[in-house]
Amino acid sequence: MKIGLTGTLSVGKTTLLNALRSEPCFKDFAICDEVTRQVRALGLQINETGTDNTQRVIMLKHIENIMLHDNMITDRTALDCLVYSRYLLSKQQITADTFNVIHKLFLKIWNMYDLVFFIEPEFDLVPDGVRSVDEGFRDDIHKEFVNTIAELKLYKDNLHYLKGSVVGRVQQVMSVYERVQHGGYGKV
């Protein structure tokens, strides 16, 4: 099963991923840490300063994760890459060609995720030396998520919304996961 955590920056994706690591049912799952940090380690610009190269490499990393692992939980998904690419295109920081490539690749792999959990902003931004601390940027990206989900009708697929504390979010993930495992709603 391929599980993704998605949403704008500083919503608790990494915190939730780390909490899910200790769940016994995920002991054999590959845990895929955020690819954006890996891309930054390569010397590429991220966040609001992303480029054509950044977005293409990020999408390739998402494709790599989804193709290499039968069972995985990933911090960010191809949806994140598409949303950030939409934002960067609107700011003329990436080309239409790059955006079109990202969009086509997204459409090819989106349904390979069995479950995706979308986390909305509930907490203040916390500087970590990597993510942006610009609240306007975070709000813009969140709006792009909401618009992209609505335009592509992703809410009808495998997307579930999460809110609340880390413990509450873990319980929500586990509830959906168990229902899917036992033949309830969701794709598998």
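Heavy-atom surface analysis with a 1.4 Å probe gives the chain a carbon and sulfur content of 51 percent of its accessible area. Rounded to two decimals, the Cα radius of gyration of the stretch 16-120 over 2.2 N^0.38 Å is 1.09.
Spread over its residues, the convex hull of the C-alpha atoms of the stretch 111-188 is 109 Å³ per residue. More than 22 Å apart: what percent of Cα pairs in the chain qualify? So the portion of pairs separated by more than 22 Å is 42 percent.
Sites counted here are chymotrypsin sites (Phe, Trp or Tyr not before Pro) in a DSSP loop (not H, G, I, E or B) having no more than 12 other Cβ atoms within 10 Å; the longest part of the chain that contains none of them is 1-122. Placing unit charges on each Cβ (+1 for Lys and Arg, -1 for Asp and Glu) gives the stretch 1-124 a dipole about its Cα centre, and among 1, 101, 123 the Cα reaching farthest toward its positive end belongs to 101. To the nearest 10 degrees, how steeply does helix 96-109 sit against the main Cα axis of the chain, on a 0 to 90 scale? The two axes meet at around 10 degrees.
Relative to the dominant Cα principal axis of the chain, helix 135-151 is inclined by about 70°.
For the stretch 59-168, the equivalent ellipsoid derived from the alpha-carbon gyration tensor has semi-axes of 21, 20, 14 Å in decreasing order.
Counting other Cβ atoms within 10 Å, which trypsin sites (Lys or Arg not before Pro) in the stretch 80-121 have at most 15 and lie in a DSSP loop? Filter output for the stretch 80-121: 91.
Against the main long axis of the alpha-carbon atoms of the chain, helix 52-68 sits at an angle near 20°.
Be a star and scan the stretch 63-86 for residues whose amide nitrogen sits under 18 Å from the point 7 Å along the Cα-to-Cβ vector of residue 112. So the set is 63-83. Amide H contacts for residue 4 (H built 1.01 Å from N in the peptide plane; partners 5 or more residues away or on another chain; cut-off under 5 Å): 74, 115, 116, 117.
The values are calculated or read from the model by the stated rules, or taken from the named source; none is laboratory data. The structure presented is a predicted model; accordingly, all values stated were derived computationally and were not measured. All Cβ positions, even for glycine, are placed from backbone atoms using ideal geometry, and neighbour counts span all protein chains on display. The area values use the complete protein model at the heavy-atom level, side chains included, leaving out ligands, DNA and RNA. Shrake-Rupley method; radii C 1.70, N 1.55, O 1.52, S 1.80 Å.
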